[in-house]
Amino acid sequence: MTTLLTLISALLWWVLYSSIGALFFAIITWSVMRWSERCPVVFNRAYLACLVWSLISLLIIGGVAMHEGHTKPPYAPLLVSPLLRGGLLVDMVIGVIVMWRLIPRIDAHRIRPASACLAVAVIMAVGFGLATSLAG
């Protein structure tokens, strides 16, 4: 019973932290999409895309961290790991696909893949900047 409760608790925290991060990144995505598409995009779909991407990202990065054995601070050795860099590359491709498929413009046209690439690049730059400043 304790194992089941621990698993449920871990899943709830995983979704909670992903949704907090997704809200922050959805604001960035929405701003970048408005600028690059020159047309408003639907914010709740941008949030949904960022939430799906955040859930997948935490699985990928957490899996790499557990595989490398860097689950406790300092995280600086994890940031220079080639396996993490490959995981981040896969993560960015997944982010572009998720955003391109899930975010429509307000006029019901699909966004351009270049706009999704730009949004993912901005989010990864902000995220990597935060990660390197916190990893110290």
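The values are calculated or read from the model by the stated rules, or taken from the named source; none is laboratory data. A quick note: this is a predicted structure, and the numbers were derived from the prediction, not measured. Here Cβ is always computed from backbone atoms with ideal geometry, including for glycine, and neighbour counts include all displayed protein chains. Remember, those area values only see protein heavy atoms, side chains included, never the ligands or the DNA or RNA. Shrake-Rupley method; radii C 1.70, N 1.55, O 1.52, S 1.80 Å.
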Per residue, how much accessible area does the chain have with a 1.4 Å probe, in Å²?
61 Å²
Towards the positive end of the charge dipole of region 17-134, with charges on Cβ (+1 Lys, Arg; -1 Asp, Glu), say which of Pro40, Leu78, Gly62 has the farthest Cα.
Pro40
In range of the label at Trp13: residues from region 69-86 whose backbone nitrogen is under 15 Å from the point 7 Å along Cα→Cβ
71-73
Subtract the Cα-Cα distance of Thr132 and Tyr75 from 0.36 nm times their separation in residues, and report this length gain in nm to one decimal.
19.6 nm
Given backbone amide H placed at 1.01 Å from N, residues whose amide H is under 5 Å from that of Ile111, ignoring those fewer than 5 places away on the same chain, are Arg105
For n ≥ 4 DSSP H runs only, could you compute -39500 (n - 2.57) per run for the chain, divide by its residues and tell me the 222 nm figure to the nearest 500?
-28000 deg cm²/dmol
What list of ³J(HN,Hα) values in whole Hz, one per residue of region 78-91 in order, does the Karplus curve 6.51 cos²θ - 1.76 cosθ + 1.60 (θ = phi - 60°) give from phi, with Gly and Pro shown as x?
5, 5, 9, 6, x, 5, 5, 5, x, x, 5, 5, 4, 4
Plugging the Kirkwood radius over Cα pairs into Stokes-Einstein for the chain, at a temperature of 37 °C and a viscosity of 0.692 mPa s, what D comes out in µm²/s?
208 µm²/s
Given charges of +1 on the Cβ of Lys and Arg and -1 on the Cβ of Asp and Glu, with all other atoms neutral, how large is the dipole of the chain about its Cα centre, in debye to the nearest 20?
340 debye
Sulfur and carbon atoms: percent of accessible area, the chain [1.4 Å]
76 percent
Give me a comma-separated list of calculated 3J(HN,Hα) values for region 109-117, in order, Karplus coefficients 6.51, -1.76, 1.60 applied at θ = phi - 60°, integers in Hz, x for any Gly or Pro.
8, 6, 5, 6, x, 5, 5, 5, 4
Ignoring everything but the protein chains, give the 1.4 Å probe accessible area of Trp14 in square angstrom, nearest 10.
80 Å²
Rounded to the nearest 10 Å², the 1.4 Å probe accessible area of Leu79 is 30 Å²
